[in-house]
1. Would you pull out the residues with amide H under 5 Å of Tyr6's amide H, same chain only if 5 or more places away, H placed 1.01 Å from N?
2. Among Ser47, Ser109, Ser83, which one moves the most in a GNM of the chain with springs linking Cα atoms closer than 10 Å?
3. Report, ordered by chain and residue number, the aspartates and glutamates lying within cross-link reach of Lys58, taken as a straight Cα distance under 13 Å and ignoring same-chain residues fewer than 8 apart.
4. Relative to the longest principal Cα axis of the chain, at what angle does helix 22-37 sit, 0 to 90 degrees, rounded to 10?
5. In whole Hz, with x marking every Gly and Pro, tabulate ³J(HN,Hα) for region 54-59 from phi via Karplus 6.51 cos²θ - 1.76 cosθ + 1.60, θ = phi - 60°.
6. Of Arg64, Arg87, how do they rank once you tally other Cβ atoms within 10 Å and put the fewest first?
7. For region 96-108, take each phi angle, set θ = phi - 60°, evaluate the Karplus expression 6.51 cos²θ - 1.76 cosθ + 1.60, and give the result in whole Hz per residue in order, putting x for glycine and proline.
8. Using the structure shown, list the pairs from Lys41/Lys89; Lys62/Lys122; Lys34/Lys85 with a Cα-Cα distance above 21 Å, or answer none.
Amino acid sequence: MKKNFYLIDTNVVIRFLTRDHQELSNKSAEIFKKIEKGEIKAKITESVLAEIVYVIMKIYGKNREYTANVIKKILDLKGIVNSDKNRLKKALNIFANQKVDIVDALLLSSEKECLGILSFDKDLKK
């Protein structure tokens, strides 16, 4: 199997977005410049996306709408090659517009692909 993409860790995205650590922020900016140009290909996993949401909101105090929008902009970069990109953006829209956490939003974004969601969470039963 040919390996042709990288997996991005949360810390690289956070340094890029916050620019709060000069050395690491510069390195992450270089990485994202290459991703933006399509010089390198990368994927953001669901678990990393959820952690990015958590860190941006809980540590940096940003709201849902800001958080969803900055992540969607990253997903739109030329070198981001997630096959589930549209579903992730749908989850971010659900997250920004409803009172559900990001994991529930990810479940809701996949709801039409299955028989339903098995959960005791009232937010998922709406």
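1. When sequence neighbours closer than 5 places are left aside, the close amide H contacts are Lys41, Ala42, Lys43.
2. Ser83
3. Asp101
4. That helix lies at roughly 80 degrees to the long axis.
5. 4, 5, 4, 7, 7, 8
6. Arg87, Arg64
7. 5, 10, 10, 8, 10, 7, 5, 5, 5, 4, 5, 5, 4
8. Lys62/Lys122
Every read-out reported here was derived from the displayed coordinates using simple, explicitly stated rules and does not represent laboratory data. What you are looking at is a predicted structure, and each value in this text was computed from that prediction instead of being measured. Ideal geometry is used to build each Cβ from the backbone, glycine not excepted, and the neighbour counts take in all protein chains shown.
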